[in-house]
Amino acid sequence: MSDPELTLAHPAGNIAVYGDSFFALEDVCALIEDEHVDRVIVGLPLQMDGTEGKSAKKARRWADNLTKRLKLLVDDDQSPIQTVPQVTLVDERLTTVSAHRLLLDASVRTNRHRPVVDQQSAVVILQTALDGAKEKKEAIDVR
C-alpha cells in the first residue's frame, strides 16, 4: 500500500497462497474493496535480459484475470467498487535482492528474512512504481 500522497510504500500484510496464485484473486479483490484501492501494481518477473519467460507470462495472465474479476465486481450492484482500478505491471527484476539488502540494513537477522522477504519485495516494487510516476510527472511539469 502507499500513503495518500503516493510517496511512500509500506507493507499491507501477506495473502497466503497455497499452490496456484490464481486462488489469491478473491482475497486481492477483497483487499481492494476494503482499502478503496484505485491502482494496483503487479510485479512482472522479467528475465535478466529483459525478455519474458513463463513466470512473466503467468503474471500477465494473473493481472488480466484480476482486471476481469474487478470488472465483474463493478457490474455487481452490491459491490462497493464503483470503477475498475488501473492494473499496471512493473519490472520486478532484482527486487528480492533489494529486499534482502533492506532487511539486512534494518538489522533483521537473515534467518528471519524468509517470512517477510516477499512482503518487502512488494514494497520495493510499489516504491519503484511510485518513484517512476513522480519522476515522469516532474519531467512533464518542467516543460
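The values are calculated or read from the model by the stated rules, or taken from the named source; none is laboratory data. Here the structure is a predicted model, which is why all the values come from computation and not from measurement. Cβ atoms come from the backbone with ideal geometry, glycine included; neighbour counts cover every protein chain shown. Note: accessible area is taken over every heavy atom of the protein model, side chains too, but ligands, DNA and RNA are not part of it. Shrake-Rupley method; radii C 1.70, N 1.55, O 1.52, S 1.80 Å.
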Legend entry - Lysine pairs with alpha-carbon atoms under 23 Å apart, the chain, spacing 8 or more or separate chains: 5
Inset, instruction - Decide, for segment 1-96, between rounded, prolate and oblate: order the square roots of the alpha carbon gyration tensor eigenvalues as a ≥ b ≥ c, take rounded if a/c falls under 1.5, and otherwise choose prolate if a/b is larger than b/c, else oblate. - result: prolate
Inset, instruction - Per DSSP H run of n ≥ 4, the term is -39500 (n - 2.57); total these for the chain, divide by its residue number, and report the mean residue ellipticity at 222 nm rounded to 500 deg cm²/dmol. - result: -17500 deg cm²/dmol
Legend entry - Counted charge near ARG61, where neighbours are those whose Cβ lies closer than 12 Å (Asp, Glu -1; Lys, Arg +1): +2
Legend entry - Helix runs (DSSP H) in the chain reaching 30 Å along axis by Cα, Kyte-Doolittle at least -1.0: 54-75, 114-142
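Counting only C-alpha contacts under 8 Å and six or more residues apart, can you give the relative contact order of segment 17-93 as a whole percent? Please list the in-between numbers first.
Details: 85 pairs, mean separation 31.9, N = 77.
It comes to 41 percent, rounded to a whole number.
Let me check against my output: what whole-number percent is the relative contact order of the chain, with C-alpha pairs under 8 Å and at least 6 apart?
Numbers: 150 pairs, mean separation 42.4, N = 143.
Reported as a whole number, the value is 30 percent.
Find the accessible area per residue for the chain; the probe is 1.4 Å, ligands and nucleic acids are left out, and the unit is Å².
On the way: 9960 Å² over 143 residues.
Counting only protein heavy atoms, the per-residue value for the chain is 70 Å².
Give me the percent of accessible area attributable to carbon and sulfur for segment 17-93, probe 1.4 angstrom. If you can, show how the numbers build up before the last one.
Numbers: 2420 of 5060 Å².
About 48 percent, which is the carbon plus sulfur part of the accessible surface.
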Legend entry - Under the Debye formula (equal points on every Cα, no solvent term), log10 I(q)/I(0) of segment 94-142 at q = 0.27 Å⁻¹: -0.90
